[in-house]
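Single-structure report; data block below.
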Amino acid sequence: MSDTSATPPPEHHTPYVGRFAPSPTGPLHFGSLLAAVASYLDARAHRGRWLVRIEDLDPPREDPGAATAILHILDAYGLHWDGEVRYQSDRHEAYQQVLQQLISSGLAFPCQCSRKQLGGQPHRGNCQCQAHSDIAWRFLCPPGELCFDDALQGRWCSDLSEEIGDFVIKRRDGPWSYQLAVVSDDIDQGVTHIVRGIDLIDSTARQILLYQALRHTAPHYAHIPVALEANGQKLSKQNLAQALTTQNISYTLWLALSWLGQQPPAAIQSLAPGELLDWGVAHWQSQTLAGQRERPAPAGFQREASAD
(Lines give C-alpha, C1' and ligand atoms only; values in the text may rest on other atoms or scores of the structure.)
Protein backbone atom coordinates (compact mmCIF):
# COMPACT_ATOMS: atom_id res chain seq x y z
CA MET A 1 0.00 0.00 0.00
CA SER A 2 1.42 3.35 -1.02
CA ASP A 3 2.04 6.11 1.52
CA THR A 4 0.92 9.52 0.29
CA SER A 5 2.47 11.71 2.94
CA ALA A 6 1.62 15.36 3.37
CA THR A 7 4.65 17.42 4.26
CA PRO A 8 3.84 20.79 5.85
CA PRO A 9 5.34 23.92 4.28
CA PRO A 10 8.48 25.41 5.82
CA GLU A 11 7.40 28.08 8.31
CA HIS A 12 9.99 30.65 7.22
CA HIS A 13 8.77 30.81 3.60
CA THR A 14 5.26 32.18 4.15
CA PRO A 15 3.80 34.50 6.79
CA TYR A 16 1.40 32.79 9.19
CA VAL A 17 -2.30 33.03 8.27
CA GLY A 18 -4.83 31.29 10.51
CA ARG A 19 -8.62 31.29 10.52
CA PHE A 20 -11.79 30.50 12.44
CA ALA A 21 -14.65 29.29 10.23
CA PRO A 22 -17.96 28.65 12.03
CA SER A 23 -21.18 27.54 10.36
CA PRO A 24 -24.18 29.78 11.16
CA THR A 25 -26.40 26.91 12.27
CA GLY A 26 -26.74 28.32 15.78
CA PRO A 27 -24.93 30.41 18.39
CA LEU A 28 -21.37 29.86 19.54
CA HIS A 29 -20.94 27.71 22.65
CA PHE A 30 -17.98 26.98 24.94
CA GLY A 31 -16.63 24.33 22.56
CA SER A 32 -16.69 26.87 19.71
CA LEU A 33 -14.92 29.38 21.93
CA LEU A 34 -12.11 26.93 22.62
CA ALA A 35 -11.44 26.50 18.89
CA ALA A 36 -11.65 30.25 18.30
CA VAL A 37 -9.32 31.10 21.20
CA ALA A 38 -6.78 28.38 20.32
CA SER A 39 -6.61 29.45 16.67
CA TYR A 40 -6.45 33.14 17.63
CA LEU A 41 -3.66 32.64 20.19
CA ASP A 42 -1.64 30.46 17.84
CA ALA A 43 -1.89 33.06 15.07
CA ARG A 44 -1.04 36.02 17.28
CA ALA A 45 1.80 34.16 19.03
CA HIS A 46 3.34 33.66 15.57
CA ARG A 47 2.69 37.34 14.72
CA GLY A 48 0.27 36.11 12.07
CA ARG A 49 -3.06 37.15 10.65
CA TRP A 50 -6.32 35.67 11.95
CA LEU A 51 -9.27 35.52 9.59
CA VAL A 52 -12.95 34.80 10.19
CA ARG A 53 -15.03 33.00 7.57
CA ILE A 54 -18.75 32.22 7.81
CA GLU A 55 -19.43 28.83 6.21
CA ASP A 56 -23.00 29.47 5.06
CA LEU A 57 -23.52 26.93 2.29
CA ASP A 58 -26.53 24.99 3.61
CA PRO A 59 -29.45 27.44 4.08
CA PRO A 60 -32.01 24.85 5.33
CA ARG A 61 -29.75 24.14 8.34
CA GLU A 62 -28.87 27.76 9.08
CA ASP A 63 -30.30 30.13 11.68
CA PRO A 64 -31.00 33.46 9.90
CA GLY A 65 -29.57 35.51 12.77
CA ALA A 66 -26.66 33.24 13.67
CA ALA A 67 -23.93 34.84 11.54
CA THR A 68 -24.54 38.28 13.04
CA ALA A 69 -24.71 36.80 16.54
CA ILE A 70 -21.44 34.88 16.04
CA LEU A 71 -19.58 37.99 14.96
CA HIS A 72 -21.04 39.95 17.88
CA ILE A 73 -19.83 37.35 20.38
CA LEU A 74 -16.34 37.18 18.84
CA ASP A 75 -16.06 40.96 19.03
CA ALA A 76 -17.34 41.07 22.61
CA TYR A 77 -14.76 38.47 23.64
CA GLY A 78 -11.93 40.52 22.13
CA LEU A 79 -11.36 38.06 19.29
CA HIS A 80 -10.85 40.72 16.64
CA TRP A 81 -10.16 39.43 13.15
CA ASP A 82 -8.05 40.81 10.31
CA GLY A 83 -9.62 42.06 7.11
CA GLU A 84 -13.21 41.52 6.05
CA VAL A 85 -15.32 38.54 7.07
CA ARG A 86 -15.71 36.10 4.18
CA TYR A 87 -19.10 34.49 3.49
CA GLN A 88 -19.01 31.25 1.53
CA SER A 89 -22.44 32.02 0.08
CA ASP A 90 -20.67 34.68 -2.04
CA ARG A 91 -18.26 32.17 -3.54
CA HIS A 92 -20.34 29.88 -5.78
CA GLU A 93 -18.59 30.98 -8.98
CA ALA A 94 -15.16 30.34 -7.47
CA TYR A 95 -16.21 26.84 -6.34
CA GLN A 96 -17.56 26.11 -9.81
CA GLN A 97 -14.17 27.01 -11.28
CA VAL A 98 -12.44 24.63 -8.87
CA LEU A 99 -14.91 21.85 -9.77
CA GLN A 100 -14.26 22.46 -13.45
CA GLN A 101 -10.52 22.22 -12.85
CA LEU A 102 -11.00 18.84 -11.18
CA ILE A 103 -13.29 17.64 -13.99
CA SER A 104 -10.77 18.73 -16.61
CA SER A 105 -7.99 16.83 -14.86
CA GLY A 106 -10.11 13.66 -14.62
CA LEU A 107 -10.38 13.84 -10.84
CA ALA A 108 -14.12 14.56 -10.55
CA PHE A 109 -16.96 12.50 -12.01
CA PRO A 110 -20.80 12.62 -11.96
CA CYS A 111 -22.66 10.10 -9.87
CA GLN A 112 -26.23 9.20 -8.91
CA CYS A 113 -25.35 6.16 -6.79
CA SER A 114 -25.04 5.78 -3.04
CA ARG A 115 -22.41 3.48 -1.56
CA LYS A 116 -25.27 1.33 -0.22
CA GLN A 117 -26.63 0.89 -3.74
CA LEU A 118 -23.19 -0.26 -4.83
CA GLY A 119 -22.84 -2.74 -1.99
CA GLY A 120 -19.85 -0.87 -0.58
CA GLN A 121 -17.95 -1.00 -3.87
CA PRO A 122 -16.07 2.09 -5.13
CA HIS A 123 -18.20 4.54 -7.09
CA ARG A 124 -15.79 4.99 -9.98
CA GLY A 125 -16.33 2.27 -12.54
CA ASN A 126 -19.44 0.93 -10.77
CA CYS A 127 -21.78 3.93 -10.89
CA GLN A 128 -22.68 4.19 -14.57
CA CYS A 129 -24.05 7.73 -14.72
CA GLN A 130 -25.01 9.27 -18.07
CA ALA A 131 -27.20 12.04 -16.65
CA HIS A 132 -26.33 15.73 -16.87
CA SER A 133 -28.67 16.92 -14.11
CA ASP A 134 -29.78 15.64 -10.69
CA ILE A 135 -26.25 14.39 -10.10
CA ALA A 136 -23.63 14.62 -7.40
CA TRP A 137 -20.00 15.24 -8.28
CA ARG A 138 -17.45 13.00 -6.58
CA PHE A 139 -13.70 13.26 -6.19
CA LEU A 140 -11.78 10.32 -7.60
CA CYS A 141 -9.92 9.01 -4.56
CA PRO A 142 -6.64 7.20 -5.25
CA PRO A 143 -5.78 3.89 -3.58
CA GLY A 144 -3.27 3.59 -0.79
CA GLU A 145 -2.73 5.30 2.53
CA LEU A 146 -2.46 9.02 3.25
CA CYS A 147 -0.52 10.17 6.31
CA PHE A 148 0.07 13.62 7.74
CA ASP A 149 1.77 14.98 10.83
CA ASP A 150 -0.59 16.84 13.14
CA ALA A 151 1.09 19.33 15.47
CA LEU A 152 -0.88 18.01 18.47
CA GLN A 153 -2.06 14.51 17.54
CA GLY A 154 1.10 13.24 15.84
CA ARG A 155 1.20 10.96 12.81
CA TRP A 156 -2.31 10.37 11.46
CA CYS A 157 -3.01 7.92 8.65
CA SER A 158 -6.11 7.01 6.64
CA ASP A 159 -6.75 4.06 4.36
CA LEU A 160 -8.02 5.90 1.28
CA SER A 161 -10.09 3.05 -0.17
CA GLU A 162 -11.65 1.82 3.07
CA GLU A 163 -12.05 5.05 5.05
CA ILE A 164 -12.37 7.78 2.43
CA GLY A 165 -13.55 6.51 -0.95
CA ASP A 166 -14.84 8.69 -3.80
CA PHE A 167 -16.28 11.48 -1.68
CA VAL A 168 -18.86 14.07 -2.69
CA ILE A 169 -17.62 17.54 -3.64
CA LYS A 170 -20.96 18.88 -4.87
CA ARG A 171 -24.16 17.43 -3.51
CA ARG A 172 -26.93 16.03 -5.65
CA ASP A 173 -29.43 18.52 -4.14
CA GLY A 174 -27.21 21.45 -5.12
CA PRO A 175 -25.00 22.70 -2.28
CA TRP A 176 -21.21 22.55 -2.43
CA SER A 177 -19.56 20.11 -0.08
CA TYR A 178 -17.72 21.33 2.97
CA GLN A 179 -14.53 19.70 1.69
CA LEU A 180 -14.35 21.52 -1.65
CA ALA A 181 -15.46 24.88 -0.27
CA VAL A 182 -13.08 24.94 2.69
CA VAL A 183 -10.04 23.97 0.60
CA SER A 184 -10.94 26.49 -2.10
CA ASP A 185 -11.20 29.28 0.46
CA ASP A 186 -8.12 28.29 2.43
CA ILE A 187 -6.10 28.36 -0.79
CA ASP A 188 -7.60 31.65 -1.93
CA GLN A 189 -7.03 33.30 1.46
CA GLY A 190 -3.50 31.96 1.82
CA VAL A 191 -4.22 30.03 5.03
CA THR A 192 -1.02 28.38 6.28
CA HIS A 193 -2.11 26.99 9.67
CA ILE A 194 -5.39 25.40 10.74
CA VAL A 195 -6.14 24.99 14.45
CA ARG A 196 -9.50 23.31 15.07
CA GLY A 197 -11.24 20.55 17.04
CA ILE A 198 -10.29 16.92 16.67
CA ASP A 199 -13.88 16.17 15.65
CA LEU A 200 -12.82 17.50 12.21
CA ILE A 201 -9.60 15.49 11.91
CA ASP A 202 -11.24 12.83 9.73
CA SER A 203 -11.90 15.53 7.10
CA THR A 204 -8.19 16.31 6.86
CA ALA A 205 -7.25 13.46 4.53
CA ARG A 206 -10.00 14.50 2.08
CA GLN A 207 -8.80 18.08 2.21
CA ILE A 208 -5.15 17.13 1.66
CA LEU A 209 -6.21 15.09 -1.39
CA LEU A 210 -7.90 18.18 -2.80
CA TYR A 211 -4.82 20.31 -2.09
CA GLN A 212 -2.71 17.80 -3.97
CA ALA A 213 -5.17 17.65 -6.88
CA LEU A 214 -5.14 21.46 -7.10
CA ARG A 215 -1.32 21.53 -6.88
CA HIS A 216 -1.16 23.45 -3.61
CA THR A 217 0.77 22.59 -0.48
CA ALA A 218 -1.47 21.69 2.44
CA PRO A 219 -1.31 23.88 5.56
CA HIS A 220 -0.05 22.88 8.98
CA TYR A 221 -2.79 21.17 11.03
CA ALA A 222 -3.27 21.16 14.80
CA HIS A 223 -6.37 19.47 16.21
CA ILE A 224 -7.26 20.35 19.77
CA PRO A 225 -9.31 18.01 22.00
CA VAL A 226 -13.08 18.36 22.19
CA ALA A 227 -14.96 19.41 25.33
CA LEU A 228 -17.46 16.87 26.65
CA GLU A 229 -20.82 17.06 28.36
CA ALA A 230 -21.34 15.10 31.58
CA ASN A 231 -22.89 12.27 29.52
CA GLY A 232 -19.78 11.99 27.35
CA GLN A 233 -21.23 13.70 24.28
CA LYS A 234 -19.22 16.54 22.78
CA LEU A 235 -20.38 20.09 23.31
CA SER A 236 -22.13 20.94 20.06
CA LYS A 237 -25.10 22.75 18.61
CA GLN A 238 -26.64 19.37 17.74
CA ASN A 239 -26.40 18.35 21.39
CA LEU A 240 -27.94 21.65 22.51
CA ALA A 241 -24.83 23.10 24.14
CA GLN A 242 -25.68 26.33 25.92
CA ALA A 243 -24.99 29.49 23.95
CA LEU A 244 -22.27 31.91 24.97
CA THR A 245 -23.56 35.20 26.33
CA THR A 246 -21.99 38.58 27.01
CA GLN A 247 -22.21 38.00 30.76
CA ASN A 248 -19.04 37.06 32.65
CA ILE A 249 -16.91 37.34 29.51
CA SER A 250 -13.61 37.70 31.34
CA TYR A 251 -14.22 34.68 33.57
CA THR A 252 -15.36 32.60 30.57
CA LEU A 253 -12.18 33.51 28.70
CA TRP A 254 -10.13 32.65 31.78
CA LEU A 255 -11.88 29.25 31.89
CA ALA A 256 -11.08 28.74 28.20
CA LEU A 257 -7.40 29.51 28.79
CA SER A 258 -7.41 27.08 31.73
CA TRP A 259 -9.13 24.34 29.72
CA LEU A 260 -6.55 24.83 26.97
CA GLY A 261 -3.83 24.00 29.48
CA GLN A 262 -2.34 27.50 29.74
CA GLN A 263 -2.61 27.77 33.55
CA PRO A 264 -3.65 31.43 33.80
CA PRO A 265 -3.24 32.73 37.35
CA ALA A 266 -6.41 33.35 39.32
CA ALA A 267 -5.35 36.98 39.76
CA ILE A 268 -6.12 37.77 36.11
CA GLN A 269 -9.70 36.45 36.09
CA SER A 270 -11.19 39.94 36.10
CA LEU A 271 -8.96 41.55 33.47
CA ALA A 272 -10.59 42.97 30.36
CA PRO A 273 -10.98 40.46 27.50
CA GLY A 274 -8.20 42.07 25.45
CA GLU A 275 -5.80 41.91 28.39
CA LEU A 276 -6.62 38.25 29.02
CA LEU A 277 -5.96 37.46 25.38
CA ASP A 278 -2.72 39.43 25.47
CA TRP A 279 -1.67 37.28 28.43
CA GLY A 280 -2.68 34.18 26.47
CA VAL A 281 -0.62 35.24 23.44
CA ALA A 282 2.44 35.97 25.56
CA HIS A 283 2.23 32.59 27.33
CA TRP A 284 0.83 30.39 24.55
CA GLN A 285 2.08 26.82 24.75
CA SER A 286 0.06 24.66 22.38
CA GLN A 287 1.99 21.52 23.30
CA THR A 288 0.19 21.33 26.64
CA LEU A 289 -2.63 19.78 24.56
CA ALA A 290 -0.43 17.26 22.71
CA GLY A 291 -2.00 13.81 22.47
CA GLN A 292 -5.26 14.84 24.13
CA ARG A 293 -8.47 13.99 22.28
CA GLU A 294 -11.18 14.93 24.77
CA ARG A 295 -11.65 16.63 28.12
CA PRO A 296 -14.73 17.41 30.25
CA ALA A 297 -16.10 20.90 29.79
CA PRO A 298 -16.11 23.14 32.88
CA ALA A 299 -19.08 22.27 35.08
CA GLY A 300 -20.84 25.56 34.35
CA PHE A 301 -20.98 24.72 30.64
CA GLN A 302 -22.29 21.19 30.94
CA ARG A 303 -26.01 20.57 30.64
CA GLU A 304 -27.64 19.03 33.67
CA ALA A 305 -28.10 15.31 33.31
CA SER A 306 -31.62 14.20 32.39
CA ALA A 307 -33.67 12.86 35.26
CA ASP A 308 -34.95 9.88 33.26
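The values are calculated or read from the model by the stated rules, or taken from the named source; none is laboratory data. In this text the structure is predicted, and so the values were computed from the model without any measurement. Every residue, glycine among them, receives a Cβ derived from its backbone with ideal geometry; neighbour counts consider all protein chains shown. Accessible surface is based on the protein model in full, side chains and every heavy atom, while ligands, DNA and RNA are left aside. Shrake-Rupley method; radii C 1.70, N 1.55, O 1.52, S 1.80 Å.
Based only on the alpha carbon positions, what is the Kirkwood hydrodynamic radius of the stretch 204-257, in angstrom?
Roughly 14.6 Å, rounded to one decimal.
Where the accessible area of the chain is counted over protein heavy atoms with a 1.4 Å probe, how much of it, in %, is carbon and sulfur?
Here carbon and sulfur together make up 49 percent of the probe-accessible area.
Under the rule that an exposed site lies in a DSSP loop and has at most 15 other Cβ atoms within 10 Å, name the longest stretch of the chain with no trypsin sites (Lys or Arg not before Pro) of that kind, not counting the sites themselves.
216-292
In whole Å, how far is the Cα centre of the stretch 32-109 from that of the stretch 187-227?
What the calculation gives is 13 Å, centre to centre.
Would you compute the Debye intensity of the stretch 13-52 from its alpha-carbon atoms alone, equal scatterers and no solvent, and pass along log10 I(q)/I(0) at q = 0.18, 0.19, 0.36 Å⁻¹ to two decimals?
The Debye formula, applied to the Cα set alone, gives -0.50, -0.55, -1.19.
So in the stretch 139-268, what percent of DSSP beta bridges are antiparallel if you round to the nearest 5?
Roughly 60 percent of the DSSP beta bridges within the stretch 139-268 come out antiparallel.
Just how many % of Cα pairs in the stretch 189-308 lie over 17 Å apart, if you round to the nearest whole percent?
66
How much of the DSSP beta bridge set in the chain is antiparallel, as a percent to the nearest 5?
In the chain, approximately 45 percent of DSSP beta bridges are antiparallel ones.
Rolling a 1.4 angstrom probe over the protein heavy atoms, how many square angstrom per residue are accessible across the chain?
In whole numbers, the chain has 48 Å² accessible per residue.
Starting from the amide H of ARG138, placed 1.01 Å from N in the peptide plane, find each other amide H under 5 Å away whose residue is 5 or more places distant or on another chain.
PHE109, CYS111, ILE169
Against the longest principal axis of the chain, how steep is helix 178-188, in degrees 0 to 90 to the nearest 10, with axes from Cα atoms?
70
Using every Cα-Cα pair within the stretch 177-233, state what percent have a distance larger than 15 Å.
51
With angles folded into 0 to 90 degrees, how steeply does helix 273-282 sit against the dominant principal axis of the chain? Use alpha carbons for both and round to 10.
Result, in degrees: 70.
Give the average over all directions of the projected area of the C-alpha convex hull of the chain, one decimal, in nm².
Dividing the Cα hull surface by four gives the mean projection, 17.7 nm².
Starting from the Cα of ASP90, step 7 Å along the direction of its Cβ; do the same at ARG155; then give the gap between the two resulting points in nm.
4.3
Quote the relative contact order of the chain in percent (integer), defining contacts as alpha-carbon pairs under 8 Å separated by 6+ residues.
23
Calculate, for SER258 and SER133, the FRET efficiency according to 1/(1 + (r/R0)^6) with r their C-beta to C-beta distance and R0 51 Å; round to the nearest 0.05.
0.45
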